[in-house]
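This report refers to the structure that appears directly beneath it.
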Amino acid sequence: MSRYDYFRVKNLLASPDLLQEVNLDRNNFRVVLPLFGEATSVNAENASFIARLMSAYEGRDVEVRDGRIYDGETEIVSYRFAQPYYWVLADNREMGTDSRSFGALPHSHLVGKGSRVWLSFDSGKPFYKAFRIDRIFKVL
């Protein structure tokens, strides 16, 4: 999504908090998403991230205080998400708007289906051996 489309969508939403920018070095970052169906432990490092997903997409009225998540006065020490979450990347890394700008997306917000594999490579191999020729341009 282009930055123009990002701001158009943000202006159409009932709550502007549903799209929240995530400030990351655009070419060097690490993201750990919660596993669907498994309890995710809450700690000071992930409390804000988890609370945002719970508030924006899970319908929970929670707040973060001192690196902990609270539902009213009850502290939440672990949480099992109701749906999977995805980190989506644009094909135009420098000019596109993707999860580096607005964060993780829940399964319910994904529209459409991939039709082809454009490029596939194995990151565990040296670059010159990494391309998976049998998958490139494969129709899904």
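The values are calculated or read from the model by the stated rules, or taken from the named source; none is laboratory data. Computed from a predicted structure; not experimentally measured. With ideal geometry, Cβ positions are generated from the backbone for all residues, glycine too; neighbour counts draw on all protein chains shown. These area figures cover heavy atoms from the full protein model, side chains too; ligands, DNA and RNA do not enter into them. Shrake-Rupley method; radii C 1.70, N 1.55, O 1.52, S 1.80 Å.
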Most to least packed among 72-84, 53-65, 112-124 [average Cβ atoms within 10 Å]: 53-65, 72-84, 112-124
Extension gain, V88 back to A130 (0.36 nm per residue minus Cα-Cα distance, nm): 12.9 nm
Eligible lysines near K125 by straight Cα distance, threshold 24 Å, same-chain separation 8 or greater: K138
Residue-normalised accessible area of region 49-125, given per residue in Å² at a 1.4 Å probe: 62
Cα centroid separation - region 85-108 against region 113-130, whole Å: 19
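Would you mind classifying region 59-125 by shape? Square roots of the alpha carbon gyration tensor eigenvalues, ordered a ≥ b ≥ c; an a/c under 1.5 is rounded, otherwise it is prolate if a/b is larger than b/c and oblate if not.
The shape class here is prolate.
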Dipole moment magnitude, nearest 20 debye, region 62-101 about Cα centre, only Lys, Arg, Asp, Glu C-beta charged: 140
